[in-house]
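Visitor: Take this structure first; my questions come after.
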Amino acid sequence: MKVLVAVKRVVDYNVKVRPKADGSGVELNNLKMSINPFCEIAVEEAVRLKEDGAATEIVAVSIGPQQAQEQIRTSLALGADRGVLIKTDQDLEPLAVAKCLKAICDQESPDIILMGKQSIDGDNNQTGQMLGALTGYPQGTFASELKVDGDTVDGGKATVTREIDGGLQTVSLDLPAIVTTDLRLNEPRYASLPNIMKAKKKPMDETTPEDLGVDVSPRVELLGVELPAERSAGIKVANVDELLDKLKNEAKVI
Amino acid sequence: MSILVVAEHDNSHLKAATLNTVTAAIAIDSEITLLVAGSNCSAVATEAAGVKGVDKVLLADNPAYGDRLAENLAPLVAEIASGYSHVLAPATTTGKNILPRAAALLDVQPISDIVSVEGADTFKRPIYAGNVIATVKSTDPIKVLTVRTTAFDATPAEGGSAGVEPLDITHNAGNSAFVGEELAVSERPELTSANVVISGGRGLASSENFQMLEKLADKLGGAIGASRAAVDAGFVPNDMQVGQTGKIVAPDLYIAVAISGAIQHLAGMKDSKVIVAINKDEEAPIFQVADYGLVADLFDVIPELEKKL
Ligand SMILES: Cc1cc2nc3c(=O)[nH]c(=O)nc-3n(C[C@H](O)[C@H](O)[C@H](O)COP(=O)(O)OP(=O)(O)OC[C@H]3O[C@@H](n4cnc5c(N)ncnc54)[C@H](O)[C@@H]3O)c2cc1C
Ligand SMILES: Nc1ncnc2c1ncn2[C@@H]1O[C@H](COP(=O)(O)O)[C@@H](O)[C@H]1O
């Protein structure tokens, strides 16, 4: 069984971004970049499928600038077998990313595609679902548990437990299927030094959206960005009585 | 322009999130159609027809739609959407699951989690965990949007008298199946629409200790939320997580107990009207957004608070 994992290069989750002075976009110069945390969970899940004997090969794909190689290398160090960089300096929208991934699916015929539920920069939560539409594959979004039985040829299925608003839902999907990860799916391991060294020798292909025949022209224009309405810090109260008094008589919320 | 709103329901009742979404739709244009897709869900269509401002209800009552599988619903939404300028759904896990899939079938780039309508094609939405707000303009012929429900008031559930039009469209992809559900049952108000939310963090230290917050919630008629750390530690189930990647809440009163105030948590609650933080660390970042901060050990002050309410 072959697993495809989509990993995105994003601003590290510890960084607090700010708008550029002219408000035209987000200031991204010299910020620490990382693999999107949800993608890291996807890689970890793929590696576990391989350790369990369910998966035979893991291909990590990223769409982004040359430096997105770093996030593919991270995935290789965690246990992916080879990488594909779809190189572009344009910031692609989820629809374009999904089209690129569809082209890779056509080339690679994976049995399962693991992705994050959300990228923490754009907070879109769209790409997996859109890839589902383009490929016709079923989707198990916001997964907190994944079981895979068999592969595409022998009519295999993925059983996915999904984190939904009311609790948990379980669905059964025919392979090939798309699974997007939620936070509780697993806890990603740290790459060991020997594995980081080994990752440097693992194969990495490079292609471009143009080579894949994908039209990446943007559909949504960014008119500007601004800071949200800031909340000012309030006051400290000394004790429970003062708190209750404030809530009753000042804020009037109880 | 006419606008299609995908109704959220459980086959017997319309969910409140639909009413906030209708408000967002009305901010775009006044001609509103609600799509009720489900199985044995005619009661929902009746409710939907009564929502103020709704002109038409489309009822797709079919076993294939009963479990709201995206594989079946997305092609239904995409097929109907061609007659509309906008398609909206609440940014719930159901809406987020279905709408992007429908958008891709329409070759449209959807816009997630809008918090304001600036014009028929221009919307605001938070990005980077709400650290910045982006203003974006869609150039697609059909705008496909999910709506952050806390940013829009609910439209009155009554006062409308729309006609219900049954649809005979079946999409059954047959490649996915519903297996089961474990839904939280609670007497408390729903987290995302409660007037009071009391959330606990890692400092609660166990699921037993969350019962202290429950007593408080009972007295205040509130709902219980949690930080990711509390969910990951297994103190409470995942559906209670508030934050960037959990639920977004904006109650009149939010009480954060033993929550440090990471940006990912703030992303889910900083639009609350009044924020109270109880934390024993006076340096905790949560105090920077709190209207009232109490530096104290929760095990001392929560029982006292409960007693004095
Ligand atoms: C991709 C990603 C997504 C995330 N999404 C979310 C999300 O949606 N929601 C979310 O909440 N987090 C999210 N996080 C996690 C977030 O970064 C923080 O780790 C998390 O919010 C911390 O939870 P906490 O405040 O309960 O724990 P901590 O940061 O450990 O804080 C515990 C606090 O409790 C206080 N405390 C301890 N004991 C007591 C006591 N007896 N009395 C009073 N105070 C006490 C401490 O002083 C401390 O301030 C996400 C992280 C990532 C990487
Ligand atoms: N540029 C990209 N390269 C690789 N994977 C991506 C890219 N953009 C999005 N994805 C995948 O899609 C998931 C959801 O992203 P989004 O829809 O942008 O929130 C991410 O977690 C990735 O798995």
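The values are calculated or read from the model by the stated rules, or taken from the named source; none is laboratory data. What you see is a predicted model, and the numbers here were worked out from it, not measured in a lab. Positions of Cβ are backbone-derived with ideal geometry, glycine not excepted, and every protein chain shown enters the neighbour counts. Quick note on the areas: whole protein, heavy atoms, side chains included, nothing else; ligands and nucleic acids left out. Shrake-Rupley method; radii C 1.70, N 1.55, O 1.52, S 1.80 Å.
Visitor: Working only within the range A:14-55, note down all residues that are assigned to a loop (DSSP other than H, G, I, E, B) and among the hydrophobic types (A, V, I, L, M, F, W, C).
Guide: A:V15, A:V17, A:A21, A:L28, A:L31, A:A54, A:A55
Visitor: Could you check, for the range A:121-134, whether at least one of its residues is within 14 Å of chain B (Cβ to nearest Cβ), on the phi < 0 side of the Ramachandran plot, touching a residue at least 60 places away in the same chain (Cβ under 8 Å) and surrounded by fewer than 24 Cβ atoms within 10 Å (Cβ to Cβ)?
Guide: yes
Visitor: Here's a follow-up. Scan the range A:215-254 for residues that are part of a loop (DSSP other than H, G, I, E, B), in contact with a helix residue (DSSP H, G or I) (Cβ under 9 Å, 6 or more places away or on another chain) and of a type in the set (K, R) and report the count.
Guide: Number of matching residues: 2.
Visitor: Hey, another quick one. Identify, by number, the condition in (1) in contact with a helix residue (DSSP H, G or I) (Cβ under 9 Å, 6 or more places away or on another chain); (2) open to solvent by 20 Å² or more (accessible area, probe 1.4 Å); (3) modelled with pLDDT of 95 or more that B:R188 doesn't meet.
Guide: So B:R188 meets the others, but not (3).
Visitor: Same structure, new question: Taking the range B:94-115 as the region of interest, how many residues are of a type in the set (V, I, T), open to solvent by 20 Å² or more (accessible area, probe 1.4 Å) and either part of a loop (DSSP other than H, G, I, E, B) or free of Cβ contacts under 8 Å to residues at least 12 places away in the same chain (or both)?
Guide: Of the residues in that region, 1 qualify.
Visitor: Residues A:E70, A:E93, A:E40: which one is of a type in the set (D, E), more than 14 Å from chain B (Cβ to nearest Cβ) and out of contact with any Asp or Glu (no Cβ under 9 Å at 6 or more places or on another chain)?
Guide: Result of the check over A:E70, A:E93, A:E40: A:E70.
Visitor: Please identify the pairs in which a residue from the range B:295-309 that is touching a residue at least 60 places away in the same chain (Cβ under 8 Å) has its Cβ atom under 7 Å from the Cβ atom of a residue that is surrounded by fewer than 18 Cβ atoms within 10 Å (Cβ to Cβ), counting only partners at least 6 apart or on another chain.
Guide: That search, which allows pairs on different chains as well, returns B:E306/B:K215; B:E306/B:K219; B:L309/B:K219.
Visitor: Select from the range A:18-48 the residues that are within 16 Å of ligand 2 (Cβ to nearest atom) and closer than 17 Å to A:D151 by Cβ and write down the one among them that is most open to solvent (accessible area, probe 1.4 Å).
Guide: Our first condition is that a residue be within 16 Å of ligand 2 (Cβ to nearest atom); within the range A:18-48, this holds for A:26, A:28, A:33-47.
After this cut, where a residue has to be closer than 17 Å to A:D151 by Cβ as well, the list is A:45-46.
Values: A:E45: 17, A:A46: 0 Å².
Looking at residues that are within 16 Å of ligand 2 (Cβ to nearest atom) and closer than 17 Å to A:D151 by Cβ, I get A:E45.
Visitor: Of all residues in the range B:251-288, which are more than 21 Å from the chain's Cα centre (by Cα) and among the charged types (D, E, K, R)?
Guide: Passing the criteria: B:K280, B:D281, B:E282, B:E283.
Visitor: Report yes if some residue within the range A:166-177 is within 16 Å of ligand 2 (Cβ to nearest atom), within 11 Å of chain B (Cβ to nearest Cβ) and not in a loop (DSSP other than H, G, I, E, B); otherwise report no.
Guide: Within the range A:166-177 (the criterion being within 16 Å of ligand 2 (Cβ to nearest atom), within 11 Å of chain B (Cβ to nearest Cβ) and not in a loop (DSSP other than H, G, I, E, B)), the answer is yes, since at least one residue qualifies.
Visitor: Condition first: more than 7 Å from chain A (Cβ to nearest Cβ), more than 10 Å from ligand 1 (Cβ to nearest atom) and not in a strand (DSSP E or B). Now tell me which residues in the range B:274-301 satisfy that.
Guide: Listed by number, the list is empty, since nothing qualifies.
Visitor: A further question follows. Mind counting the residues in the range A:49-71 that are free of Cβ contacts under 8 Å to residues at least 40 places away in the same chain and crowded, with 18+ Cβ neighbours inside 10 Å? Write out each step before concluding.
Guide: Here is the first cut: in the range A:49-71, the ones free of Cβ contacts under 8 Å to residues at least 40 places away in the same chain are A:51-53, A:66.
Those still in the list that are crowded, with 18+ Cβ neighbours inside 10 Å too: none.
The total comes to 0.
Visitor: Separate question: Would you please list the contacts, defined by Cβ atoms under 9 Å and residues six or more apart or on different chains, that run from a residue in the range B:235-247 that is at negative phi and of a type in the set (A, V, I, L, M) to a residue that is open to solvent by 20 Å² or more (accessible area, probe 1.4 Å) and within 10 Å of ligand 1 (Cβ to nearest atom)?
Guide: B:M240/B:G246; B:M240/B:K247; B:V242/B:R228; B:V242/B:I248
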